[in-house]
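Please read the structure below before turning to the comments.
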Amino acid sequence: MNFSIQPILENQEYQLIPLQQGDFESLYEVASDPKVWEQHPNKDRYQREVFENFFKGAIESEGAFKIIDKGSGYFLGSTRFYDFDENKNGIFIGYTFYGTKSWGKGINPKVKKLMLDYIFQFVDNVFFHIGKENFRSQIALERLGGEKIAEEEVAYFGEPTRTNFVYEIKKENWS
């Protein structure tokens, strides 16, 4: 892998900045609302001890970001690159969440565009794990051009295995 999966990415409105240990409290403030996780396979991440494990996995992934609103400086959520596969010339984007105040404002497509525009300089395929019952994320990814290609059991860091759909966006189809 000859590229960074944790650069600083930004557009006029948002910054994706590498997640650091000192970001825990600010990010937990966003994640502590049970509504954030209600469609997610791991619905209890709003609990501090469960989120501590999620955060530890994010830091250890060395591909996680905090999503910052440039105008206010507020933490909006988090996302990451993970599981680069040289043979498939692909990587995953996921573990994305936003606080409910960010929902319905078109933030996610802009953040995913930043990530996809960057990573397609280095790979041809980007994959996404989306929980089987996470209809909000499935719809959002289909609007971006994602195609459902598989269903698999995914073991999240320190959490039980859950059924996820695998979506793909190919570089050749990205505009």
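Under a plain spin-label model, where a point goes 7 Å from the Cα along Cα-to-Cβ, how far apart in nm are SER4 and GLU147?
3.3
Percent of alpha carbon pairs in the range 5-45 separated by more than 16 Å?
Of the Cα pairs, 56 percent sit more than 16 Å apart.
Considering only DSSP states other than H, G, I, E and B, which trypsin sites (Lys or Arg not before Pro) in the range 11-76 qualify as loop sites with at most 13 other Cβ atoms within 10 Å?
Loop-located and lightly packed - LYS70.
Could you order TYR156, TYR46 by accessible surface area, starting with the largest, using a probe radius of 1.4 Å?
Numbers: TYR156 20, TYR46 75 Å².
In descending accessible area the options line up as TYR46, TYR156.
Can you give me the three principal axis dimensions of the chain from its C-alpha atoms, in Å, biggest first?
39, 36, 30
List the residues, sorted by chain then number, that are 5 or more residues from TYR156 or on another chain and whose placed amide H is less than 5 Å from its amide H.
HN-HN under 5 Å from TYR156: ARG162.
Quick one: dipole size for the range 7-46, taken about the Cα centre, charges +1 on Lys/Arg Cβ and -1 on Asp/Glu Cβ, in debye to the nearest 20.
Result for the range 7-46 is approximately 180 debye, rounded to the nearest 20.
Calculate the translational D of the range 33-108 in whole µm² s⁻¹ from Stokes-Einstein, where the hydrodynamic radius comes from the Kirkwood formula applied to all Cα pairs, the temperature is 20 °C and the viscosity 1.002 mPa s.
Values: Rh = 13.7 Å.
Answer from the Stokes-Einstein relation: 157 µm²/s.
So how strong a dipole does the range 9-173 carry about its Cα centre when Lys and Arg Cβ are +1 and Asp and Glu Cβ are -1, to the nearest 20 debye? Provide the component values of the computation, followed by the final result.
Numbers: 21 positive and 27 negative charges, 118 e Å.
Roughly 560 debye, rounded to the nearest 20.
Probe of 1.4 angstrom, ligands and nucleic acids ignored: what's the accessible area per residue over the range 47-175, in square angstrom?
Values: 6540 Å² over 129 residues.
Heavy-atom accessible area per residue stands at 51 Å².
To the nearest Å, what is the center-to-center distance of the range 32-92 and the range 158-175, using C-alpha atoms only?
Each part reduced to its Cα centre gives a spacing of 15 Å.
Expressed in nm to one decimal, what extension gain is obtained for the pair ASP124 and LYS88 from 0.36 nm per residue of sequence separation less their Cα-Cα distance? Display every interim value, and only then the final one.
Working: separation 36, 0.36 × 36 = 12.96 nm, distance 0.83 nm.
Answer, rounded to one decimal: 12.1 nm.
Ignoring any ligand, DNA or RNA, what whole percent of the accessible area of the chain comes from carbon and sulfur when the probe is 1.4 angstrom? All intermediate terms of the calculation are to be shown ahead of the outcome.
Numbers: 4200 of 9080 Å².
Roughly 46 percent of what the probe reaches on the chain is carbon or sulfur.
The values are calculated or read from the model by the stated rules, or taken from the named source; none is laboratory data. All of these numbers come straight from a predicted model, not from anything done at the bench. Note that we place each Cβ from the backbone using ideal geometry, even for glycine, and neighbour counts take in every protein chain shown. Keep in mind that these areas ignore ligands, DNA and RNA; they rest on the heavy atoms of the full protein, side chains included. Shrake-Rupley method; radii C 1.70, N 1.55, O 1.52, S 1.80 Å.
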